[in-house]
Amino acid sequence: MQILKTVRLTKQFSRFSLFGKREVRAVDSLNLQINKGEIFAFLGPNGAGKTTTINMLIGFIRPTSGEIKLFGNAFTYKDIEIKRRIGYLPEYLQLPDYYRVYELLELYCNIFNIPKSKHKDIIGQILEDVGICAQKKELIKNLSMGQKRSLGIAITLINKPELLLLDEPTVYLDPLMIENIRKLLLKLKNSGTTVFMSSHTLSEAEKISDRFAIIKEGKLLEQGSTNELTKHISLEDEFLKKVKGDV
């Protein structure tokens, strides 16, 4: 079953300078298919259009043209009920420093109308999953960058999403934290959650992804099975070959 599909998805921006107006295609006729219960690695160099794509998938910005389908239905930025089925982690996440970890997660439980009686169990399990149980009473301003990133991932799990959209989930994480998040994503996959993640950590993407796509300048260069690809070449080597235009 396809959870996410894009058909010729395009986003064009206007750029203004002393020389006038110029139209730039950040995403150019992008066709993607992501299946239920898989981890999909969305790869590309800086400025390739990854974050712009995710912002369209979450409904933050509207496509110039093309179509997005989520859970088999056409999606627009107004579809609140579909958004409730999604967890989203931006690359740059601003957290309120004056909250304590547990308090912030309680706030998100309330946002999703989770009964008070379930808060303790849900938050306790999520904190264990992301590896910051010891920091649950800590002020957010006192957390390390890696702990804040782990808290960001925890927030995305509060509503038990069917689809996770993660923009550079392992940025700021040390190797132990990365291993923990790897185990968490595989656990989520095994429970039926679909994970769509952009990443520059190609070795990590190779370890956990079922399928991948490589884009450059908004255009799809390749899409396929990670397992089939890595029988012949590493994901990093394939990425470099495609992005550099090597034969």
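Some points to look at:
- First in segment 125-136 and of a type in the set (Lys, Arg), second anywhere and open to solvent by 10 Å² or more (accessible area, probe 1.4 Å), Cβ under 9 Å, 6 or more apart: Lys136/Arg100; Lys136/Tyr102; Lys136/Gly124
- Of all residues making up segment 192-247, the number that are closer than 22 Å to Thr170 by Cβ, among the hydrophobic types (A, V, I, L, M, F, W, C) and in contact (Cβ under 8 Å) with a residue 24 or more places away in the chain: 13
- Hits in segment 68-85 - residues which are open to solvent by less than 70 Å² (accessible area, probe 1.4 Å) and charged (D, E, K, R): Asp79, Lys83
- Residue within segment 39-55 that is over 22 Å from His200 (Cα atoms) and touching a residue at least 24 places away in the same chain (Cβ under 8 Å) present: no
- Given (1) touching a residue at least 40 places away in the same chain (Cβ under 8 Å); (2) open to solvent by 10 Å² or more (accessible area, probe 1.4 Å); (3) of a type in the set (Val, Ile, Thr), index of the condition Ile122 fails: (1)
- In segment 219-247, the residues that are closer than 16 Å to Leu32 by Cβ, in contact with a helix residue (DSSP H, G or I) (Cβ under 8 Å, 6 or more places away or on another chain) and not aliphatic (A, V, I, L, M): Glu222, Thr226
- Selection within segment 198-212 - over 14 Å from Ser225 (Cα atoms) and not in a loop (DSSP other than H, G, I, E, B): Ser198, Leu202, Ser203, Glu204
- Residue in segment 116-123 that is under 19 Å from Gln94 (Cα atoms) and among the small types (Gly, Ala, Ser) present: no
- Subset of segment 173-196 (residues that are outside any helix (DSSP H, G or I), under 22 Å from Ile123 (Cβ atoms) and either under 13 Å from the mean Cα position of the chain (by Cα) or not polar (S, T, N, Q) (or both)): Leu173, Gly192, Thr193, Val195
- Residues of segment 125-135 classified as surrounded by 13 or more Cβ atoms within 10 Å (Cβ to Cβ) and over 14 Å from Ile153 (Cα atoms), total: 1
- Taken over segment 196-222, the criterion of being under 19 Å from Gly131 (Cα atoms) and either open to solvent by 50 Å² or more (accessible area, probe 1.4 Å) or touching a Leu at 6+ places or on another chain (Cβ under 8 Å) (or both) is satisfied by Ile208 alone.
- Among the residues making up segment 145-159, a single one is part of a loop (DSSP other than H, G, I, E, B) and either open to solvent by less than 10 Å² (accessible area, probe 1.4 Å) or at pLDDT 95 or above (or both): Ile158.
The values are calculated or read from the model by the stated rules, or taken from the named source; none is laboratory data. Note that this is a predicted model, so its numbers are computed, not measured. We place every Cβ from the backbone using ideal geometry, glycine too, and count neighbours over all the protein chains shown. Note: areas computed on protein heavy atoms with side chains; ligands, DNA, RNA excluded. Shrake-Rupley method; radii C 1.70, N 1.55, O 1.52, S 1.80 Å.
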